[in-house]
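Colleague: The structure's right below; bear with me while I get my questions together.
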Amino acid sequence: MATTATANARHQPRHVTHHHHLSSRHGAGDHEGWAEGIASLTEEQSATRLLQEAHPDAAASKAGAQGAFCAAGAADGGATLGALCCEGLTPEEERRARVEHALRSLEVEVGQRGELLADLGAPDGYGPTDLSEAELGELLAAVEAHMDHCGADVAVLRRRKLPAPAVGAPDRSVADVCIRRRVVGDRGGAGAPLEVRVAVIGNVDSGKSTMVGVLTRSVLDDGRGFARSKVFKHSHEENTGRTSSIGQHNLCIDSRGNILNDASLRAGVTTAEIARSSKVVTLVDLAGHEKYFRTTCTGLTGHLPDYACLIVGANAGIVGMCKEHLGVALALKVPAFFVVTKIDLAPEHVLKHTLQTLSGILKKPGVRKRPFLVRSRDDVLTCARHMHTDSLAPIFLTSSVTGQGLDLIRLFYNLLPQRHNWYEKTDEAAEFIIDEVFGVPGVGTVVAGTVKRGVLTPNSTLLLGPDVGDGTFKPVTVKSVHYKRLPVGRVVAGQTAALALKKVKRHQVRKGMVLVDERVAPKASWEFDADIAILTHSTTIQPRYQAVIHCEIVRQAARVVAMDRERLRSGDRACVRFRFLQRPEYLVPGTRFVFREGRTKGIGMVVGTEMGAPAAAPQPVSA
Ligand SMILES: Nc1nc2c(ncn2[C@@H]2O[C@H](COP(=O)(O)OP(=O)(O)OP(=O)(O)O)[C@@H](O)[C@H]2O)c(=O)[nH]1
């Protein structure tokens, strides 16, 4: 113990003295009870109750929550444009002012985000309220004309009536619309499609690759692996029927919400379809088998998904790695939705049991999600609007063989907004995280990854590092930029890209390196301090404990060299200092990560690095 104490003293994390628990300041307190919630499945609840609960009162809370969404939207618009003051105006002047304000707000927001789900005519929405059907028609026409002028299309998702404000007064008409920017000629301009990334997770054989194949190839499955054979990357995957790598597949959607994927095309899309899309949903197909859990973790952390889609086989239920995958998504705060598939195979009582179990898990204290069975287009709209809040858990019922439920899933993908306000990051110094490296004959070294901040253009000069050998960052110039295999003039925060680099050898680059703006003055760190929580484990954790850290694209073993308590057990939280075993890495404080070692799993958040410290070889902790 004495030696541990000495080691602790030597490597005392900076904030250990005043930080004895994982503080909610870092949001880690949210995970309280998580392990317990996922581990015990005793809560009994009938599927019928789930349906009833999800629906009737969902209507009430739906309305409330929608109000909140619209209020936020309107507030955004208001904040951008300034509040609308109608004092002293005649009713007609006020109506015109409100229409004008709505048009400007929509223009700004669609310009920033690329698309917007909006309520027209609702109290917390856009435009004047208390509209008759004819007045709503006029408002819609004005919005369509204005947005058309701005280069965007308006799809009316539904028209509905709000109850009259007073007895005898007429009903008020409201429309839900999706406004999306059209493609513009120059793909590198503001018209580059917006991208939403969805990590597809779930147990082995639950039907993940099949669902991805069915959606992106626009085919139905035969129940014997037809659809998945279209998305496998390696021949051994074809032979075993198991996904082992991370496959990315594109669902291309135009400005009016039409899906452009075509069964006659091998990959479902070619660059021509991508060039015609206003929005691309990237489905990241991850392996379900336990053996590939680290690849799955990399997919969930390194590919910066907006959402996770957890696929559950209706017959098999919540088995195997399903809870583990959900746990990682929850830990990383990636909002999840659920697809219970193969419903063609499941007898009613089995399906009910699967739904009961799933809803039981979702309602556990550590998970705290509201299960919501999606049965109609209206439900899809409600869910798409509230996914970013990360409290609603939509559940879809599908069959990749009969096609049941796929229309709702397609509509959901069409409406699913980006989770992050990426446009707020385009002015920041550029950062690109590399998840794949290729040597392309005639082109040279090409790195693929995600733009985390800023804008990248051909001829930008950035720092590449940490170097494989000495952990330093070296300037490199970007030769060309591709977005989904299309050459483009620029890529912005939130998009994936492939960059050809000038005068860089293939062996000088590895996954986990970054390209950053030199103004950031990046430094690699051997050690970092983190707030961590243990989710599941069989042993206690103490100094010298080793685990593999998955932090965005970084994946490396690290050892605990100091902690603010002597040992950690399941559910405990602590502040620790990790030291990488092989090389220093570039980590940004505030980033969430997962770590695992055998069956032990934990989550954490980087709170500090030793930026600036020389990259020296790691010193073993004295035993
Ligand atoms: N009857 C029926 N069979 C399905 C359905 N979805 C998938 N299958 C079949 O289930 C089997 C497993 O599907 P996969 O898509 O390979 O499962 P997976 O989850 O991707 O598995 P891993 O990639 O190994 O993690 C295949 O034979 C599919 O044809 C469905 O909705 N109905």
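The values are calculated or read from the model by the stated rules, or taken from the named source; none is laboratory data. Fair warning: this is a prediction, and the values are worked out from it, not measured in the lab. A quick note on method: Cβ atoms are made from the backbone with ideal geometry, for glycine too, and the neighbour counts reach across all protein chains shown. For the accessible areas, the whole protein counts, side chains as well, though only heavy atoms, and no ligand, DNA or RNA atoms are used. Shrake-Rupley method; radii C 1.70, N 1.55, O 1.52, S 1.80 Å.
Colleague: When the accessible area of the range 364-414 is split by element with a 1.4 Å probe, what percent falls to carbon and sulfur? Before the final figure, lay out the partial values.
Modeller: Values: 830 of 1680 Å².
Ligands and nucleic acids excluded, carbon and sulfur reach 49 percent.
Colleague: Defining a contact as two alpha carbons under 8 Å apart and six or more residues distant in sequence, what relative contact order in percent does the range 319-415 show?
Modeller: The value is 33 percent.
Colleague: Let me cross-check residue 587: its accessible surface, 1.4 Å probe, with only protein heavy atoms counted, in Å² to the nearest 10?
Modeller: In the full protein context, residue 587 sits at about 10 Å².
Colleague: Separate question: For each pair in 363/511; 279/364; 161/279; 208/369; 230/502, compute the distance between the two Cα atoms and list the pairs where it is over 32 Å.
Modeller: Over 32 Å apart, Cα to Cα: 363/511; 279/364; 230/502.
Colleague: Taking the Cα centre as origin and putting +1 on Lys and Arg beta-carbons and -1 on Asp and Glu beta-carbons, what dipole magnitude results for the range 418-540, to the nearest 20 debye? Mind dumping the intermediate values first?
Modeller: Working: 17 positive and 13 negative charges, 150 e Å.
My answer is approximately 720 debye.
Colleague: Quick one: pull the percent of accessible area on the range 536-589 belonging to carbon and sulfur, 1.4 Å probe, ligands and nucleic acids left out.
Modeller: Within the range 536-589, the accessible surface is 40 percent carbon and sulfur.
Colleague: Aspartates and glutamates within cross-link reach of residue 503: Cα-Cα under 16 Å, excluding same-chain residues under 8 positions apart?
Modeller: 467
Colleague: Quick one: dipole size for the range 267-323, taken about the Cα centre, charges +1 on Lys/Arg Cβ and -1 on Asp/Glu Cβ, in debye to the nearest 20.
Modeller: 60 debye
Colleague: Also, I was wondering about something else. Under unit Cβ charges (Lys, Arg +1; Asp, Glu -1), what dipole magnitude, rounded to 20 debye, does the range 259-379 have relative to its Cα centre?
Modeller: 440 debye
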